[in-house]
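> Take this structure first; my questions come after.
The values are calculated or read from the model by the stated rules, or taken from the named source; none is laboratory data. Note that the structure is a prediction, hence the values are computed from the model and not measured. When we count neighbours, we look across all protein chains shown, and the Cβ atoms used for this are built from the backbone with ideal geometry, even at glycine. Keep in mind that these areas ignore ligands, DNA and RNA; they rest on the heavy atoms of the full protein, side chains included. Shrake-Rupley method; radii C 1.70, N 1.55, O 1.52, S 1.80 Å.
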Amino acid sequence: MHDVIIVGGGPAGLNAALILGRARRTVLLCDASQPRNAATPLTWGLFTRDGTPPFDLRAKGRADLDRYETVECRDIAVMEAARDADGFTIIQADGTVERARRLILATGLAQDIPEIEGFETYWGTGVHSCPYCDGFEVRDRPLVVYGRGHGGCGLALELTGWSQDVTLCTSGHDRDLSDKDRERLARNGVRVIEAEIERLEGDGSRPTCLRFRDGSQTACTALFLMPFACSPSPLITQLGCELDETRSVVPTREYEKTNVPGLYVAGDASRRVQFAVVAAAEGAMAAFAINAEFVAEATR
């Protein structure tokens, strides 16, 4: 029986393991090494590590755990998880069963990319979901938002902080955009193109042009997706976690607690801003809360 099992070896999972290791708790961290940012060349906006490749960050995080003898890391997926009166049971991809008193899911999300030619090709290098992560590198260039309705409007207006050349493409979903939003976009210099997108073209490394089915086109240095559906780990639904209205993230409570006793969700799968530094902080908060619970149980 481990004290804690952590599923996911990104910033949230690694930082949780670090804090728990320093608290001398027995920890098993399981990581399938399939992060959402695998195609992203560099991670931005992370204190002291701005511009570091994602897998370099993960490797450094793993190395930091080597000094803590109570922390074990395994490169393996977790296929099933269940809760009982004594804690949690997981089944790993090789059939191994492990148990723990507490469970942290730091599984992140699987990004659902629209099935438009070129979007998958340039995912992470020219197709993005977060302007805070990738907007600075394409500042003052032609930027395109693929989205609809009020959400698409909001992202397009947000991007005007990085460029004054912003276009919102609704790809035929023009009815979702209200007159009020159209007026606001026009007032702030954002173009709206309602033609259906055919494909995103580029030079092999970055996008250069967005083509439409009516034969028209527009320049595009980077394309930002309005938050499209992301898929949470099946473990989250297996364990009975509540989900928000998008059915993608967990509305965690204080210190990343969920509606399931003893279960914590930290990182991109929780409700907060999806930055690497925020994910790491959530992992630390979950670890702190768990250790505080153990201390309370042992000293009552």
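> Give me the distance in nm between label points sitting 7 Å out from Cα along the Cα-to-Cβ direction at Asp174 and Ser216, one decimal.
Those two pseudo-labels are separated by 0.8 nm.
> Shifting gears a bit: What relative contact order, as a whole-number percentage, does region 35-129 give when Cα pairs under 8 Å and 6 or more residues apart are counted?
Reported relative contact order: 25 percent.
> Quick check for me: using +1 on Lys/Arg Cβ and -1 on Asp/Glu Cβ, what's the dipole size of the chain about its Cα centre, in debye to the nearest 20?
Taking the Cα centre of the chain as origin, the dipole is about 700 debye.
> Tell me, what ³J(HN,Hα) does each residue in region 238-255 have, in order and in whole Hz, if you take phi through Karplus 6.51 cos²θ - 1.76 cosθ + 1.60 with θ = phi - 60° and put x for Gly and Pro?
4, 8, x, 5, 5, 10, 6, 5, 7, 6, 10, 10, 9, x, 5, 9, 4, 6
> Using a probe of 1.4 angstrom, how much of the accessible area of the chain is carbon and sulfur, in percent?
Accessible surface attributable to carbon and sulfur in the chain totals 49 percent.
> What does the accessible area per residue of region 20-129 come to in Å², with a 1.4 Å probe and no ligands, DNA or RNA counted?
53 Å²
> What number comes out for the charge environment of Val190, summing +1 per Lys or Arg and -1 per Asp or Glu over other residues with Cβ under 12 Å away?
Local net charge: 0.
> Which whole-number value in Å² is the accessible area per residue of region 132-176, probe 1.4 Å?
Accessible surface, normalised per residue, equals 45 Å².
> Starting from the amide H of Cys73, placed 1.01 Å from N in the peptide plane, find each other amide H under 5 Å away whose residue is 5 or more places distant or on another chain.
Leu29
> Students sometimes get this wrong: rank Arg36, Arg22 by accessible area, probe 1.4 Å, all chains present, largest first.
Arg22, Arg36
> Please find the FRET efficiency linking Val295 to Arg99, where r is the Cβ-Cβ separation and R0 is fixed at 22 Å, and quote it to the nearest 0.05.
0.55
> Give, as a single signed number, the net charge of other residues whose beta carbon lies under 9 Å from the beta carbon of Val4, with Lys and Arg counted +1 and Asp and Glu -1.
Residues close to Val4 contribute a combined charge of +2.
> Also: With label points built 7 Å along Cα→Cβ from the Cα atoms of Thr160 and Asp66, find their separation and express it in nm.
It works out to 5.1 nm between the two label points.
> Could I ask something else about it? Which of Phe55, Thr299, Ala279 sits closest to the plus end of the dipole of the chain, meaning its Cα is farthest towards the positive end, when Lys and Arg get +1 and Asp and Glu get -1 on the C-beta?
With unit charges placed on the Cβ atoms, the residue in question is Thr299.
> Please name which of Ala93, Pro142, His128 has its Cα lying farthest along the dipole of region 82-143 towards the positive end, using unit charges on Cβ (Lys, Arg +1; Asp, Glu -1) and the Cα centre as origin.
Ala93
> List the residues whose amide H sits under 5 Å from the amide H of Ser270, counting only those 5 or more places along or on another chain, with H placed 1.01 Å from N in the peptide plane.
HN-HN under 5 Å from Ser270: Val250.
> Something else about it: Can you tell which of Ile104, Met1, Gln34 lies farthest toward the positive end of the dipole of region 1-110, using +1 and -1 charges on the Cβ of basic and acidic side chains (Lys, Arg; Asp, Glu)?
With unit charges placed on the Cβ atoms, the residue in question is Ile104.
> At a threshold of 8 angstrom on Cα-Cα distance, excluding pairs fewer than six apart, so keeping six or more, what relative contact order does the chain reach in percent?
21 percent
> Taking only C-alpha pairs under 8 Å that are 6+ residues apart, what is the relative contact order of region 86-157 in percent?
Relative contact order here is 14 percent.
> Provide the per residue accessible area, probe 1.4 Å, for region 217-273, rounded to a whole number of square angstrom.
Averaged over the residues of region 217-273, the accessible area is 43 Å².
> Which FRET efficiency value, to the nearest 0.05, is calculated for Glu254 and Arg22 with the Förster distance at 30 angstrom and r the Cβ-Cβ distance?
Computed FRET efficiency for Glu254 and Arg22 comes out at 0.85.
> Using modelled backbone amide H atoms (1.01 Å from N, in-plane), which distant-in-sequence or interchain residues come within less than 5 Å of Ala222's amide H?
Val144
> Sticking with this one: Short version: ³J(HN,Hα) in whole Hz for each residue of region 262-271, in order, from phi by Karplus 6.51 cos²θ - 1.76 cosθ + 1.60 (θ = phi - 60°), x for Gly and Pro, what are they?
x, 10, 10, 10, 10, x, 4, 6, 9, 7
> I'd like the Karplus ³J(HN,Hα) series for region 205-214: coefficients 6.51, -1.76, 1.60, θ = phi - 60°, whole numbers in Hz, and an x wherever there's a Gly or Pro.
Couplings: 10, 9, x, 10, 7, 10, 9, 10, 5, 8 Hz.
> Under the classification rounded if a/c is under 1.5, otherwise prolate if a/b is larger than b/c and oblate if not, where does region 224-300 fall, given a ≥ b ≥ c as square roots of the Cα gyration tensor eigenvalues?
Since a/c reaches 1.5 but b/c is at least a/b, the shape of region 224-300 is classed as oblate.
> Sticking with this one: Which net charge results when you count Lys and Arg as +1 and Asp and Glu as -1 among the other residues whose beta-carbon is under 15 Å from that of Leu157?
Combined, the nearby Lys, Arg, Asp and Glu give +2.
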